[in-house]
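Working notes, structure below.
The values are calculated or read from the model by the stated rules, or taken from the named source; none is laboratory data. Small disclaimer: the values here were computed from a predicted structure and weren't measured. We place every Cβ from the backbone using ideal geometry, glycine too, and count neighbours over all the protein chains shown. To get the accessible areas, we keep the full protein, side chains included, count just its heavy atoms, and leave off ligands, DNA and RNA. Shrake-Rupley method; radii C 1.70, N 1.55, O 1.52, S 1.80 Å.
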Amino acid sequence: MDLPAPRRGRIGGVLLNRLARRLLAGLPAFRVITLAFTLLAVAAAVAILVQAELLARLLADGVLDGPSAGSVAGLLALLAGVFAVRAGLSWAQQALAQRAAASAKASLRRQVLRRTQELGPGWLSGQHTGGLTTTLGRGLDALDPWFTGYFPQLFLAAVIPLAVLVRIAAADLASAVIILVTLPLIPIFGVLVGMSTKRATERQWRALERLGGHFLDVVAGLPTLRAFGRAKAQAEQVRRIADEHRSATMRTLRIAFLSALVLELVATLSVALVAVPIGLRTLNGGMGLETALLVLLLAPEAYLPLRALGSQFHASTEGLAVAERCFTVVDADGGPAARVAAAEVDAVPDAAAGIRFENVTVRYPGRDEAALDDVSLAIAPGERVALVGPSGAGKSTLVNVLLGLVTPTSGRVLAGGADVASAEAESWRRQLAWVPQRPHLFARTVAENIRLGRPDATDDEVVRAATLAHADEFVARLPRGYETPLGERGAGLSAGQRQRIALARAFLRDAPLLLLDEPTAGLDAGSEAVVVEATARLMAGRTVLVVAHRPAMVLDAGRVVTLDHGRIAGPARAEVG
Amino acid sequence: MVRRIAGLLRAHLGRLLVAVSASVATELAALALMGTAAWLLARAAEQPPLAALSLAIVGVRAFATGRGVFRYAERLASHDAALRALATLRGRVYDALVPLAPSGLPAYRSSDLLSRMVSDVEAVQDLVVRVLVPVSTAVVVAGVAVGFSALVLPSAAVVLAAGLALAGLVVPLLMVAAARRTARRLAPARAELAAHHTDLLQGSADLAVFGATATALDEAERASERLARLERRTALTTALGGAAAMLVQGVTTVAVTVLALGARADGGLAGVMVPVVALVALIAFEPVLPLVPAVQRLLEARSALRRVLAVLDTPPPVAEPGDGALPAPSGPVSVALRGVSVRYPGATIDAVDGVDLSLTPGRRVAVVGASGSGKSTLLACLMRFIEPSAGTVLLNGADARRYDGDDVRAVITGVTQDAHLFHTSIRENLRVARPSASDDDLLAALQTARLRDWVESLPAGLDTMVGESGGQVSGGQRQRLALARALLADPPVVLLDEPTEGLDPRTADDLMTDLLASTRGRTTVVVTHRLAGLDAVDEIVVMDAGRVVQRGTHAELVAVDGPYQDLWWASRPALASE
Ligand SMILES: Nc1ncnc2c1ncn2[C@@H]1O[C@H](COP(=O)(O)OP(=O)(O)OP(=O)(O)O)[C@@H](O)[C@H]1O
Ligand SMILES: Nc1ncnc2c1ncn2[C@@H]1O[C@H](COP(=O)(O)OP(=O)(O)OP(=O)(O)O)[C@@H](O)[C@H]1O
Ligand SMILES: [Mg+2]
Ligand SMILES: [Mg+2]
């Protein structure tokens, strides 16, 4: 992450830490935005000066001479003009900042989403979906205050106090000195109070993320909780987490409000320090009213941008905590992408040319026993292999390695001489059709679910695939047939029906290598027979690896491989037949 | 809606009153500060004796300090009240979901519920902090400022009042007109984005292997852009409204200055009061300017809260008897179905059609039949998860509808087909069924489910995390964990929906034998596709298209032509392996 040079030194590491700079690095038009904010800040400073000048002159005249409105018409018009300019500047700043916020959020969201997909299901299974979804939605929205508040305020805080100070110095040096001495107190106090915020905000954000993660998990498990009479007890848990978030939020807010109070008092006292001598000098005629008014109007303007910076900082810490969380995902280790980059992408593996597992070992984190232990296995082109073995033997793991969903701890899988891990995942997977052990159905129509792997398939092809999977019959009876929308995870269908949709999905895919992980799970013997028969027909000319507990499937295989405790237990005599 | 939100906030009335008064005090202090300070300077210019100013000097200091302290108090009180109301509302959303599960839940996507639970409820916080408090403050402070001006210079008061009304009423109302449609679409757009995200996160494997990841990412990106467009439009409208209000502030200040100068020239106003009147006008706008974002938030909050209330108001699919509930069934439990039919909403045919079933204490029944024939639906009916559309379920002779649903499930429960593993440890997952269970109880249940050896071989043992939806254990392990959990619940009537699915034949058969042995004497309903071992049950019910097409013992049913015999033949390869 290399940043354009001018940014580094000037703004400094204190106000924009590494995290913030990384956020900004995601902006396409960073230089334009910086320039625009600088210009806006300068314009705002000028407007503030002119406004104070005009007001002071008008009011002083008003007190002392009592001019007619007509004689100061020019000044009044100018004043109205300045107000208009300030309004315009504030609009421009907001519009620009909002644009920056939107594009930064979109870019971060995109990065995180892409990374989650590269890291894949293995990594995701350790995450809370609800927590991640919360981060990507409500969480990233918390970045808005940073972009629309803190970031533009940085420019205002850099320009306005300086400009105001110079103007006051020109009017009255003594006041300028007081301001110059007291002004640094604001950032000093701000930093002192603000130091404790980072941890508190992280806790606050984690609480909300946990709330989201827990909530989604609990909603998915609500039927289970109710089945065991635990739903109401869970309400306490939900309330506890919601309350944790409340108290964590309150803690950060207390710091933020305290900081605002301290800064305001410092500013107020400082203004008083300026105002009292001015008042006294005006009293004994040492200073003209116009100058006095000018200094009085300008003095708070010197402190305001720095104070505002303080509150904007606190308003945006949550967003920064979220950004940090996002970057931990983006930077997370692992996933096939790392391998693709590491290995030279040369030959594209060819599924039709046979497959060889060479000493493949898979160790999941936190488990002693290897899920696959030095497995070597060759599958000839066009061969049909049934993989059997007790539950937990590593069958699904083996299939997932072949799919590139699980990265072997050691060893490799070759297809037609090329390492499947080194290939660009997509070109390898294009040659595969898969029925997972637990298929995921999306909350879309039946047809869209079947079309997942071939979005351009015609209706006829969809129906044909469904017929092969013994699904056409029940789909036709659904209220809107293939256009019936399913609920999440296929709600609205029976378990066996969901399985058949997944089968249809794989049949439609029409790929040279078929990977079936218990394709007939949840089916009655009748449906199973239909599916087995269809699969057998489909197998012609394809390489097939089928994980089967049900003997019906095993019977059709040319060879049966038994896995046990991650090892191949010899070229098994089929446990069947 | 207003009434219900008010009801929610009433519990925090004290804090809200503190917040509003402190906020009013803050703005009044600011107003007084500017007025006094201006007067002080102007008066000083007339060079009076110092004593004439001392009171004002004290006033300036007091107002300055007061402003800061009041603001601090206001913020603490308002946020505290708002966050409390927020936490309460979150709890209520969850409470409202409980009776919807399982059959009422599909009306919502869980990602949608998530965004209601996480984002939409926050509207209540905004409502307090950014709408309620600022609006009441603005009204009071504007009134005071206008009143003060009226005393000093009535013509200025008229202009100021007009200006404040323009900035605080007309501009916000114009914004309402401009932003209403956009604001209403924001919350649904957020929910839609969340749906894309959960699809990508939960379906990542299927998407990846079927080459659909890129499309799904693109769709998510488009949803993100749609949301960004809405947000941008909202922000621009708000910024425009803010700029307009600022402009009104400027013009009003200028106009008041003109009037003050005029009055001064006519002798209607003392010179010292010229800056006071002008600056009071300027500052009087400070509490009014936030009204522009406030109405924007109000619009968004309204649509978000509607979504929250919609959840709270969803009628549960199964009505509870309420106060007239019978006491929980005790003693031996007998259950009977009399002509029970179930039709899912929107379906054209019954999923369960006129089923009779008698479960006297200790009776064991197996339900078999083609996939989709209504077996799981039947069990859901027994657990009172679904209301029969015809017929009755009798529990100890009384209509099951007269019992509290939780009381029914305390005696009739088991493994459902979609049993969920929570993203926590094995121990916590099992304890869902019996929170008081000791580790020995857990291990005993795992033993019956043939999982004990595996659990004991794990480095973290019972503390092993199972991952999101049980994603870090194998399919068969997941199934058996759910089974162990049901065994732990140990209800008088056990329901087992395909307890051995996903297991290798030998384990499945051993497990089924064990199960049937360990549930001997206990009322049991087991749904299965494997016919092995069914000679041990008292009755086999064969279902087809929702109807019972055959019933009897295994011996009776294999002996006659019919669906059971067909199933038997079809599953012969399975039997051949035994
Ligand atoms: N993501 C994971 N993290 C940790 N351990 C895992 C993970 N996935 C699987 N395992 C463990 O690895 C072992 C092999 O799992 P796998 O899913 O390959 O078994 P399987 O042979 O397919 O079993 P089943 O027939 O029950 O589906 C199991 O003990 C399982 O608990
Ligand atoms: N939530 C639902 N909404 C609408 N229809 C449903 C719903 N759940 C199930 N159905 C339908 O009701 C019928 C019976 O489903 P059920 O789940 O009871 O079948 P099953 O016999 O358990 O099948 P399986 O052996 O596949 O589990 C099916 O046709 C199914 O499509
Ligand atoms: Mg498996
Ligand atoms: Mg079922």
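A few points about this structure:
- For the range A:345-575, the convex hull spanned by the alpha carbon atoms encloses 121 Å³ per residue.
- Across chain B, the relative contact order, built from alpha-carbon pairs under 8 Å that are at least six residues apart, equals 14 percent.
- Computed over protein heavy atoms with a 1.4 Å probe, the carbon and sulfur contribution to the accessible area of the range A:18-332 reaches 65%.
- Minimum 30 Å² accessible area buried by the other protein chains, the range B:506-536 residues, probe 1.4 Å, relative to alone: B:Arg506, B:His529
- Protection-proxy order for peptides A:387-394, A:496-503, B:221-228, A:90-97, each taking the mean of Cβ atoms within 10 Å per residue, highest first: A:496-503, A:387-394, A:90-97, B:221-228
- Signed unit charges on C-beta, dipole axis of the range A:109-200, positive-most listed residue A:Ala163, A:Phe151, A:Ile186: A:Phe151
- Cα gyration tensor, the range A:370-420 - rounded (a/c under 1.5), prolate or oblate: oblate
- With the convex hull of the Cα atoms taken as the outline of the range B:2-312, the averaged projected area works out to 19.6 nm².
- Cα shape, chain B, gyration tensor, a/c 1.5 rule: prolate
- Apolar share of the accessible surface for the range A:421-577: 50 percent from carbon plus sulfur atoms, 1.4 Å probe.
- Shielded by partner chains, the range A:255-272 residues - at least 10 Å² of accessible area, 1.4 Å probe, vs chain alone: A:Phe257, A:Leu258, A:Ala260, A:Leu261, A:Glu264, A:Leu265, A:Thr268, A:Ala272
- Cα-centred dipole magnitude for chain A, charges only on beta-carbon of K, R (+1) and D, E (-1), debye, nearest 20: 800
- Positive-end extreme of charge dipole, chain B - chosen from B:Gln249, B:Val24, B:Val129 (charges on Cβ): B:Gln249
- Rg/Rh for the range B:161-208 stands at 1.45; both radii use Cα atoms, and Rh follows the Kirkwood definition.
- Inter-part distance, the range B:394-465 to the range A:41-80, computed on C-alpha centroids, equals 78 Å.
- Straight-distance crosslink candidates among aspartates and glutamates, where the alpha carbon sits under 12 Å from A:Lys198 and sequence neighbours closer than 8 are dropped: A:Glu318, A:Glu324
- Average Cα contact separation per residue, the range A:345-575, under 8 Å, 6 or more apart, as relative contact order %: 29
- Surface accessible to a 1.4 Å probe, per residue, for the residues of chain B, Å²: 37
- Threshold 50 Å², the range A:29-66 residues less accessible with all protein chains present than alone (1.4 Å probe): A:Leu59, A:Val63
- For the chain pair A and B, buried accessible area totals roughly 13300 Å², probe 1.4 Å, rounded to the nearest 100.
- Dipole of chain A, positive end: most advanced residue of A:Thr409, A:Ala242, A:Ala433 [Cβ charges, Cα centre]: A:Ala242
- Candidate cross-link partners of A:Lys232 among the lysines, defined by an alpha-carbon separation under 30 Å and a same-chain spacing of 8 or more, comprise B:Lys375.
- Net charge over other residues, Cβ less than 13 angstrom from the Cβ of B:Thr257 (K, R count +1; D, E count -1): +1
- Peptide B:79-85 is shielded by partner chain Cβ atoms: per residue, an average of 4 of them sit within 10 Å of its Cβ.
- The alpha carbon gyration tensor of chain A gives principal lengths a ≥ b ≥ c with a/c of 1.5 or higher and a/b greater than b/c, which makes the shape prolate.
- Degrees, to the nearest 10: A:151-171 long Cα axis against longest axis of chain A: 10
- Around the Cα centre of the protein assembly as shown, unit charges on the Cβ atoms of Lys, Arg, Asp and Glu (plus for the first two, minus for the last two) sum to a dipole of about 3140 debye.
- Remark: relative contact order (chain A) = 14 percent; criterion is Cα-Cα distance under 8 angstrom and separation of 6 or more residues.
- Cα pair distances of the protein assembly as shown binned at 20 Å [whole percent]: 11, 35, 28, 17, 8, 1, 0
- Probe 1.4 Å, accessible area per residue of chain A, Å²: 38
- Relative to the longest principal axis of the Cα atoms of chain B, the long axis of helix B:154-165 makes an angle of roughly 20 degrees.
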